[in-house]
1. Quick one: count up the residues across region 246-265 that are assigned to a loop (DSSP other than H, G, I, E, B) and surrounded by fewer than 16 Cβ atoms within 10 Å (Cβ to Cβ).
2. Return the only residue of T80, T116, T87 being surrounded by fewer than 20 Cβ atoms within 10 Å (Cβ to Cβ), among the polar types (S, T, N, Q) and either within 17 Å of the chain's Cα centre (by Cα) or within 19 Å of R180 (Cα to Cα) (or both).
3. Quick one: G190 ticks every box in (1) of a type in the set (G, A, S); (2) buried (at least 21 other Cβ atoms within 10 Å of the Cβ); (3) farther than 21 Å from V232 by Cβ bar one, so which box is it?
4. When only residues in region 110-151 that are within 12 Å of the ligand (Cβ to nearest atom) and among the acidic types (D, E) count, which is farthest from S173 (Cα to Cα)?
5. Which of the residues belonging to region 217-264 are hydroxyl-bearing (S, T, Y), without any contact (Cβ under 8 Å) to a residue 60 or more places away in the chain and within 21 Å of L64 (Cβ to Cβ)?
6. Could you please tell me which pairs satisfy a Cβ distance under 9 Å, a separation of 6+ or placement on different chains, a first residue in region 44-56 that is in a helix (DSSP H, G or I), and a second residue that is among the charged types (D, E, K, R) and modelled with pLDDT of 95 or more?
7. Where residues in region 221-258 are among the polar types (S, T, N, Q) and at positive phi, which of them is modelled with the highest pLDDT?
8. With respect to G83, determine if the residue is at positive phi and free of Cβ contacts under 8 Å to residues at least 60 places away in the same chain.
Amino acid sequence: MYSLIVPIALSFFTKSAVAVPALITGTALPPQITQQAGGGLSNQPGTPKLSQNGINNFQVANFLENLESAFFQEGLMNFTRWGSGGTTNGVSNMNVVSHIAAQEEVHVASIVGLLTGNGAQDVQPCQYSFPVTDETSFFALGNIITSVGIGALIGLQSALSTTDPGIEATVGSILPVESRHDAFFRITAGEIPNPTTFETPISGIWAYNLALDFVVGGSCKNLPQSITSLPVFPDLGIVGYGGPSFATPNAPGELVFRVGQPSMMQQGWNKGTPLYMAWVNQDNVPAYTPVTTDANGDLHADVQPNMFGMAFAALTNQNTATNIDDLTKATLAGPIPIPLT
Ligand SMILES: *[C@@H]1O[C@H](CO)[C@@H](O)[C@H](O)[C@H]1NC(C)=O
């Protein structure tokens, strides 16, 4: 059960800056990308009109898709060093990844076109640092990054549902594409491609915080206010695991968490008020397990039982928020993705 957790722990502790090759971004797509992606930008005339709320949310989506696109373009370049990349069920891994990289470029181009067509600022890519050393860690991180992207797209649909319902179907048409990517990564790791009944939505703010783990500090230029105004939470890392306490009957185990930047926490955050680990999985209301602090200041929490696929955990000091947006407002640190099944 815990074998997949290693890449997350790595992502938490490995943050060295690396040189990043030149990336293809924006709407100026090289002609071969359309072939590689299996289709280019939509040829529908005009640009759908976005509300200000829609613009803000698509700027965040632009930030996230830039990261995904960079990850897969960089990974594709790495494949040439790793060798042919092998096959999965007789299909060339390199061929799949080149499709993914091209599809992400078209997604970025579509969002950039949507924003600029509405007279809004698009979002320039930052520099990124990924804790990838070989093909296996690339696929494992691909699973995490894609799951975050999928959760964020569902959150985006929810955020657009009242102000911009006309664009929801377009967002919906990206979701299964991302899900096919994720299914592929799961199969490369010997996991079944379809672990859950529902996908797990996350808020744009959570997705932004998850993305920041891979962004080289100070490398983002000219970000719009919709992004610079988002709250930044300290990281939550996993430093150990053990058997469950008696607090949560049937818990599959206990995880030990550590706040990455305690100086970002409010004075006295771990004294007095009860702390909880919030667990978000599928379409369920957030669940909470009590947190105990050990002598090192590390945080012990039982894993909420009956979760499947990818869950997200965040440190909070309340156990009453019943939806992801309210939980986001009450987040003290994290979130962190927890691959379970
Ligand atoms: C590509 O390889 C470099 C050098 O090993 C590594 O630092 C980087 O994280 C890799 N990136 C991806 C996305 O595979």
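1. First, the residues of region 246-265 that are assigned to a loop (DSSP other than H, G, I, E, B): 246-253, 260-261, 265.
Keeping just the survivors that are surrounded by fewer than 16 Cβ atoms within 10 Å (Cβ to Cβ) gives 246-247, 249-250, 253, 261, 265.
Counting residues in region 246-265 that are assigned to a loop (DSSP other than H, G, I, E, B) and surrounded by fewer than 16 Cβ atoms within 10 Å (Cβ to Cβ) gives 7.
2. Numbers: T80 fails: either within 17 Å of the chain's Cα centre (by Cα) or within 19 Å of R180 (Cα to Cα) (or both); T116 fails: either within 17 Å of the chain's Cα centre (by Cα) or within 19 Å of R180 (Cα to Cα) (or both).
Going through T80, T116, T87 in turn, the sole match is T87.
3. All conditions are met except number (2).
4. D134
5. Residues of region 217-264 hydroxyl-bearing (S, T, Y): 219, 226, 228-229, 241, 245, 248, 263.
Those still in the list that are without any contact (Cβ under 8 Å) to a residue 60 or more places away in the chain too: 228-229, 245, 248, 263.
Hits for region 217-264 are T228, S229.
6. Matching pairs, first to second residue: N53/D164; G54/D164.
7. Initial filter on region 221-258 (among the polar types (S, T, N, Q)): 222, 225-226, 228-229, 245, 248, 250.
Going one step further and asking which of them are at positive phi, we end up with 222, 250.
Values: N222: 94, N250: 80.
Among residues in region 221-258 that are among the polar types (S, T, N, Q) and at positive phi, the one modelled with the highest pLDDT is N222.
8. Details: at positive phi: yes; free of Cβ contacts under 8 Å to residues at least 60 places away in the same chain: yes.
So G83 fits the description; yes.
The values are calculated or read from the model by the stated rules, or taken from the named source; none is laboratory data. Model, not experiment: these values are computed from the prediction. When we count neighbours, we look across all protein chains shown, and the Cβ atoms used for this are built from the backbone with ideal geometry, even at glycine.
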